[in-house]
Amino acid sequence: MKTSFLHNPLIVFAICSLAIIFIYYPGLSGGFVFDDFSNIVQQPGVAMQEFSWESIKRAALSMNYRPIAMASFGLNHLAAGFNPYYFKAVNIAIHIINALLVFAVTRLLLNYILGKDTEEDKRSTFIAAAVSLAWALHPVNLTNVLYIVQRMNSLSALFVLAGMLSYIKGRTSLDLAPLKGWLFMAASIVLFLPLAWYSKENGALLPLFLLILELTIFRFNCLESRWRKGLYLFHGIFVLLPSLLVLVYIFQYPAMFQSGYGNRHFNMMERLLTEPRILWIYIRMILLPIPSIFGLFHDDIAVSISLFEPVSTIPALVGLAGLLTVALVSIKRAPILAFGLLFFFAGHIMESTFIPLELAFEHRNYLPSIGLLMPLFFYLAYGGESDKYARTRIVLMIIIILLFAGQTHLRTQTWSDNVQLYLTNVLFHPNSPRANYHAGKIFGQRLERGQGDPQINYQKAIEHFERTTELRNNTTSGLFGSILASIDSGHQIKSAWIDELELRLGNQPLEQVNLLWLDKLTDCVSKGECRKEDIQLPRLLRAAIGYRNANNKNKSMLYATLAKYAYRVEGNRNKTVEMARKSVSLMPSNLYHHINLVNYLIWSGDLIEAKKALESAARFDIDGQHAAEIARLMKMLEKLQGK
């Protein structure tokens, strides 16, 4: 490659950073979407008000997992409040760092394979720059930047890449400086593995990535046999032993994983049959990206219910087996190809196998996409000393990178406005229940705000909500959407919606958002904004309570809503107290239920029982969070009893 350029790492740093900022800048104006609300905006601990260890700790532990990512959200709020612009700006900065780490990892690997003389170093630097730019500007990685909550994924990737870099640095130093080598290799596990894990659980894949590096690139080659034995021990302890323990745990406690499928429209076997087809969709996204294949939601992918339905299931399995075979037989002759393919598979081993997660999301390709882009650009760029097609190869690589960048820039325009994002998503994915639901919400919000033609907005909202209900029989979001849109517009609520909603609530796990909707309907009826005969709220609440696998937490919330309905709508004192007592008995640790019971007992005139309930609440208020309210109620009771 005589026309080599981009061989200066500082130039690569500057170009990569500026390109990422330019491509992603339009997306900064977009808002929070989907899981951003439940994971960030609605987490009280994230709303840090001061820079202190206690505040950082509260933010980090606000969800009881992924503390590093959660702490970063808290610091984001401390600096600029819940302004999505600055959350996304931090995500862009993380993406820039990751792009530079991809460059460094690729360059070191190619230096090891090709050599470190001047010309080969230029070649390695150029290929690494191309891989880094292609990866950084690829449309498949957009959701890791503009979908704010996916900072969890990009932060985890940052520490994984840093761990890989540390391992490579140590591994290439092992023969000449053993102490330095082992220290760097140990840091990859001791330092970077915990950081990756506490950002997101798939950081646990770092040791597996290191083993793939060793198997395909370094192949346990050492000048001294004792270091080779040390490498065997290193990977045995950190990869093989944990893998064996995980397998034993899975076989010993299969119910732990099976139970997670209760709220899915597929079972474990169906997921395992479907994921090979999804991996081919990912491969297409990475190597042949077109705008219509991308989207915030991919719940329109048909589930494989057998090896023959859909018919693409078997070809997908056979094809992946073929790719895996190619990877294994290429270890000696084509190590970059072997590394890339195995890295891609390893990157999906956690989120694309038996764990009961959603079937598909683009952000899962953030690290695995490196595994396909690295060999692609390596073999495009690589040529002999007299390669007469060198310029053509370079031009082709630049064109591919520009095509990736162009698509990503167009996607950032879509992500710059939530309305445009959701409507584009349903345009590209018309059979996605979630895409239809959120499109319905857009028209419902326009209806509520008085924007545009109310009749058209109502018709569009109902069209998308009913499509949601039709597409997925285990969701209630479309039915609630239809009911709420009809209330907002003054249209008649169809009895068929209530009947279907009652049926679904009684036969499937309760979604947390259902509790909010049921509470909202209670407020609607109590304020006289909708007729209780149209809503039939007690029917809906009792149906949800009657679900055979309903947990106590959800049941307690449902009984609390029934108590609220009996109090505000029916004015039935005995029923109100009865429902409130059931709520407390099912979830005694929830102090809000205790306090509600006290208020209802005061309202009913039973001051003795109210005092007993308040004393019980005080006993459960171990950390004193409700001490002020309990004290206020106690004074009220003393005053009332004094009369």
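The values are calculated or read from the model by the stated rules, or taken from the named source; none is laboratory data. Note that the coordinates shown come from a computational prediction; the quantities given were computed from them, not determined experimentally. In this analysis, Cβ positions are derived from the backbone assuming ideal geometry, glycine residues included, and neighbour counts consider all displayed protein chains. Note: areas computed on protein heavy atoms with side chains; ligands, DNA, RNA excluded. Shrake-Rupley method; radii C 1.70, N 1.55, O 1.52, S 1.80 Å.
Results for (1) assigned to a helix (DSSP H, G or I); (2) polar (S, T, N, Q); (3) surrounded by fewer than 17 Cβ atoms within 10 Å (Cβ to Cβ); (4) touching a residue at least 12 places away in the same chain (Cβ under 8 Å), shown as yes or no for each residue.
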| position | (1), (2), (3), (4) |
| --- | --- |
| K180 | yes, no, yes, no |
| L183 | yes, no, yes, yes |
| L195 | yes, no, no, yes |
| T216 | yes, yes, no, yes |
| L233 | yes, no, yes, no |
| F251 | yes, no, yes, no |
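Say we look at the range 575-614 and pick out the residues that are small (G, A, S) and either open to solvent by 10 Å² or more (accessible area, probe 1.4 Å) or within 19 Å of L562 (Cβ to Cβ) (or both); which of these is modelled with the lowest pLDDT? Walk me through it before giving the result.
Of all residues in the range 575-614, those small (G, A, S) come to 580, 583, 585, 589, 604-605, 610, 613.
Next cut, either open to solvent by 10 Å² or more (accessible area, probe 1.4 Å) or within 19 Å of L562 (Cβ to Cβ) (or both) only: 580, 583, 585, 589, 604-605, 613.
On the way: A580: 95, S583: 95, S585: 95, S589: 88, S604: 91, G605: 91, A613: 92.
In this case the residue turns out to be S589.
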Scan the range 262-303 for residues that are of a type in the set (G, A, S) and either surrounded by fewer than 17 Cβ atoms within 10 Å (Cβ to Cβ) or touching a strand residue (DSSP E or B) at 6+ places or on another chain (Cβ under 8 Å) (or both) and jot them down. G262, S292, A302
Name the single residue, out of those in the range 492-511 being over 17 Å from G262 (Cβ atoms) and surrounded by 17 or more Cβ atoms within 10 Å (Cβ to Cβ), that is nearest to the chain's Cα centre (by Cα). L501
If I filter the range 129-137 for residues that are open to solvent by 10 Å² or more (accessible area, probe 1.4 Å), in contact (Cβ under 8 Å) with a residue 24 or more places away in the chain and assigned to a helix (DSSP H, G or I), do I get at least one hit? yes
Does the range 22-45 contain any residue that is farther than 30 Å from I331 by Cα, crowded, with 24+ Cβ neighbours inside 10 Å and not aliphatic (A, V, I, L, M)? yes
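From the list L337, L317, L324, which one is open to solvent by 10 Å² or more (accessible area, probe 1.4 Å), in contact with a Lys or Arg (Cβ under 9 Å, 6 or more places away or on another chain), in a helix (DSSP H, G or I) and farther than 28 Å from L410 by Cα?
Answer to the selection: L317.
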Would you please name the residue that is nearest to D499 (Cα to Cα), looking only at residues in the range 431-456 that are open to solvent by 70 Å² or more (accessible area, probe 1.4 Å) and assigned to a loop (DSSP other than H, G, I, E, B)? N431
Can you report the number of residues in the range 396-421 which are free of Cβ contacts under 8 Å to residues at least 60 places away in the same chain and not hydrophobic (A, V, I, L, M, F, W, C)? 3
Residue by residue through the range 46-59, note down the ones that are open to solvent by less than 50 Å² (accessible area, probe 1.4 Å), over 18 Å from Y85 (Cα atoms) and assigned to a helix (DSSP H, G or I). S55, I56, A59
Out of the residues in the range 457-482 that are at pLDDT 95 or above and out of contact with any helix residue (DSSP H, G or I) (no Cβ under 6 Å at 6 or more places or on another chain), which is most open to solvent (accessible area, probe 1.4 Å)? E470
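Rundown of residues vs (1) closer than 30 Å to F34 by Cα; (2) among the hydroxyl-bearing types (S, T, Y); (3) out of contact with any Phe, Trp or Tyr (no Cβ under 6 Å at 6 or more places or on another chain), yes/no style:
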{"residue": "V329", "(1), (2), (3)": "no, no, yes"}
{"residue": "I336", "(1), (2), (3)": "no, no, no"}
{"residue": "A360", "(1), (2), (3)": "yes, no, yes"}
{"residue": "A390", "(1), (2), (3)": "no, no, yes"}
{"residue": "L396", "(1), (2), (3)": "no, no, yes"}
{"residue": "W415", "(1), (2), (3)": "yes, no, yes"}
{"residue": "N418", "(1), (2), (3)": "yes, no, yes"}
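Can you find a residue that is under 22 Å from I493 (Cβ atoms) and open to solvent by less than 80 Å² (accessible area, probe 1.4 Å) anywhere in the range 551-559?
Step one: filter the range 551-559 for residues under 22 Å from I493 (Cβ atoms), giving 558.
Applying the additional criterion that residues be open to solvent by less than 80 Å² (accessible area, probe 1.4 Å) yields 558.
There is at least one residue in the range 551-559 that is under 22 Å from I493 (Cβ atoms) and open to solvent by less than 80 Å² (accessible area, probe 1.4 Å).
For the range 197-212, give me each residue that is of a type in the set (F, W, Y) and in a loop (DSSP other than H, G, I, E, B).
Correct list: Y198 only.
Yes or no, residue by residue, for (1) within 22 Å of the chain's Cα centre (by Cα); (2) modelled with pLDDT under 95:
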position	(1), (2)
C16	no, yes
P26	no, no
S29	yes, no
R58	yes, yes
G74	yes, no
Y85	yes, no
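Quick check on the range 353-366. Is at least one of its residues acidic (D, E), open to solvent by less than 20 Å² (accessible area, probe 1.4 Å), in a helix (DSSP H, G or I) and at negative phi?
The first filter runs over the range 353-366 and keeps only residues acidic (D, E), leaving 358, 362.
Those left that are additionally open to solvent by less than 20 Å² (accessible area, probe 1.4 Å): 362.
Next cut, in a helix (DSSP H, G or I) only: 362.
Right, trim to at negative phi and you get 362.
There is at least one residue in the range 353-366 that is acidic (D, E), open to solvent by less than 20 Å² (accessible area, probe 1.4 Å), in a helix (DSSP H, G or I) and at negative phi.
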